[in-house]
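Dropping the structure in here first, questions after.
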Amino acid sequence: MFEGRNLFQIIHLGGWALYVLLGASILSGTVILFKLIEFWNKSKLTRARFIERLTIKLQKNRLDDAIEYCDSSNTPMAAVAKAGIVAYRDQNCDAGEAMEREIMVETVKLERFTTILGTIGSIAVYIGLFGTVLGIIRAFHDISAMGSGGISIVIRGVSEALIATAAGLFVAIPAVVAYNFFTKLIDKFVVNMEYCASAVEEYLSGKNLHG
């Protein structure tokens, strides 16, 4: 069916739906690559290592050094810890509440662009099916206009129309897998931030902070 045809000719067979799916595939791939790099960079510093280094400074009441360490650490835990330490140092609000607010802010940042993957994963199949339906309608219309045509012509038209469905699945499956994967990673980041906030609040409360 595709003998002697290049990629763009095959895409043209699927109609406008394949062009939409091609754009969705490029967008999905870009988001996946961006989020993989982002999460990999933010995961380099483990929770245990970060809290260990931070609490050493807190135990010595070196709050400015602790804030500087947070600024130099590329992890959501650092932003949460910094919010609590700054609130404690400046006495402008409760450290625990400041860290809770920062957890919400950091969670929103982590979820950035992931909804694109969820949306593409949800609608790509339907776009493909819609393209297939239109292709089948077009195939039968062409057969009717010609006034003749055997089963081979019908099968050829239907098989070309099914390209859109196959393309929809090809785009949707990676997007759904990536979305679920990133959702699990975000949950892990949230757990780490909450654990870090609890540890920092414990030290700032005076239980283990020495001045």
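A short reminder: the numbers here are calculations on the coordinates, not readings from a lab. The shown structure was predicted, so the numbers you read here are calculated from the model rather than taken from an experiment. All Cβ positions, even for glycine, are placed from backbone atoms using ideal geometry, and neighbour counts span all protein chains on display.
Tell me, please, whether a residue that is more than 15 Å from residue 205 (Cα to Cα), charged (D, E, K, R) and surrounded by 14 or more Cβ atoms within 10 Å (Cβ to Cβ) can be found in the stretch 67-74.
Taking the stretch 67-74 first, the residues more than 15 Å from residue 205 (Cα to Cα) are 67-74.
Filter once more, keeping what is charged (D, E, K, R): 68, 71.
Now narrow it down to the ones that are surrounded by 14 or more Cβ atoms within 10 Å (Cβ to Cβ): none.
Looking for residues that are more than 15 Å from residue 205 (Cα to Cα), charged (D, E, K, R) and surrounded by 14 or more Cβ atoms within 10 Å (Cβ to Cβ), one finds none in the stretch 67-74, hence no.
Give me a count of the residues in the stretch 26-66 that are closer than 30 Å to residue 115 by Cα and either surrounded by 15 or more Cβ atoms within 10 Å (Cβ to Cβ) or among the hydroxyl-bearing types (Ser, Thr, Tyr) (or both).
Qualifying residue count, the stretch 26-66: 14.
Among the listed residues 92, 61, identify the single one that is of a type in the set (S, T, N, Q), assigned to a loop (DSSP other than H, G, I, E, B) and over 14 Å from residue 203 (Cβ atoms).
The match here is 92.
Here is a yes/no grid of residues against (1) in contact (Cβ under 8 Å) with a residue 24 or more places away in the chain; (2) part of a helix (DSSP H, G or I); (3) over 18 Å from residue 194 (Cα atoms):
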{"residue": "48", "(1), (2), (3)": "no, yes, no"}
{"residue": "53", "(1), (2), (3)": "no, yes, no"}
{"residue": "56", "(1), (2), (3)": "no, yes, yes"}
{"residue": "97", "(1), (2), (3)": "no, yes, no"}
{"residue": "104", "(1), (2), (3)": "no, yes, no"}
{"residue": "135", "(1), (2), (3)": "yes, yes, yes"}
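Specify the residue that is surrounded by the most Cβ atoms within 10 Å (Cβ to Cβ); the eligible residues are those in the stretch 189-203 that are touching a Gly at 6+ places or on another chain (Cβ under 7 Å) and among the aliphatic types (A, V, I, L, M).
Per the stated criteria, the residue is 200.
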